[in-house]
Amino acid sequence: MTKRRQTRKKPVTVVRIGELATKERRRQQGGMVTEVIDREASGKAYIKRQRARLECMLDYYHKQNRISDPQYTAGIKFREIYLSAIYGYSFKVLCNPYLMEAKHADPEGRMLAHIDCTRLLREACDRLTPEQRSLVRDVCGYDRFAGGRDKKRILLRALDSLATFWGYR
């Protein structure tokens, strides 16, 4: 009989709790925000988490005071509706009343939420001109810059019409 040798498996690299971002990541999207998740009994920070300061281009425009609060809220709602309807992302959004308290939806609720988000997206797109629709889709849905001064004006008008349509004014 021959003896079998046990081969050792290579350890899997795991992200440790409280590990900080790299220098390159800290320079992207407006830097990082450090949040304290848990503290020790003495009050010392036990677990920290870093996240991007700017999640999307709407955050950038809002931070630079290029869009107002109602425009920002309308753009974020359009972003969540668009990503839910097109890619099936699940958000705890204003348009998704079917999520349960445990932050999970049942399969029927997900179908209803997808249908509801598709209907809201169609209604919002009907309020916009084709040029406004493509610009809002690029900025809110795909995180692209608006472009020149004329396109920024078109974006502002589109976000204004969405804000009045959803009652944020």
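For the stretch 110-145, give me each residue that is open to solvent by less than 40 Å² (accessible area, probe 1.4 Å) and touching a residue at least 40 places away in the same chain (Cβ under 8 Å).
Leu121, Ala124, Val136, Val139, Cys140, Gly141, listed by residue number.
So which helices (runs of 4 or more DSSP H) stay within the stretch 7-112 end to end and still have 1 or more residues that are small (Gly, Ala, Ser) and modelled with pLDDT of 65 or more? Show your work before the answer.
Working: elements: 23-27, 57-63, 69-87.
Passing ranges, in order: 69-87.
Scan the stretch 113-139 for residues that are modelled with pLDDT under 90 and touching a Lys or Arg at 6+ places or on another chain (Cβ under 8 Å) and report the count.
0
Name the residues in the stretch 146-169 that are outside any helix (DSSP H, G or I) and open to solvent by less than 20 Å² (accessible area, probe 1.4 Å), would you?
Restricting attention to the stretch 146-169, the residues satisfying the condition of being outside any helix (DSSP H, G or I) are 146-148, 167-169.
Correct list: Ala146 only.
Please enumerate the residues belonging to the stretch 126-169 that are of a type in the set (S, T, N, Q) and within 24 Å of Gly88 (Cα to Cα). I'd like the intermediate steps shown before the answer.
The first filter runs over the stretch 126-169 and keeps only residues of a type in the set (S, T, N, Q), leaving 129, 132, 134, 161, 164.
Hits for the stretch 126-169 are Gln132, Ser134.
If you check every pair at least six apart or on different chains, which have Cβ atoms under 7 Å apart with a residue in the stretch 32-56 that is within 24 Å of Ala74 (Cβ to Cβ) first and a residue that is surrounded by 14 or more Cβ atoms within 10 Å (Cβ to Cβ) and among the aromatic types (Phe, Trp, Tyr) second?
Filtered contacts from the stretch 32-56: Leu54/Tyr60.
The values are calculated or read from the model by the stated rules, or taken from the named source; none is laboratory data. Everything numeric here is computed off the predicted structure, so don't read it as measured data. Note: ideal-geometry Cβ built from the backbone for every residue, glycine included; neighbour counts use all protein chains shown. For accessibility, only protein heavy atoms count, side chains too; no ligands or nucleic acids. Shrake-Rupley method; radii C 1.70, N 1.55, O 1.52, S 1.80 Å.
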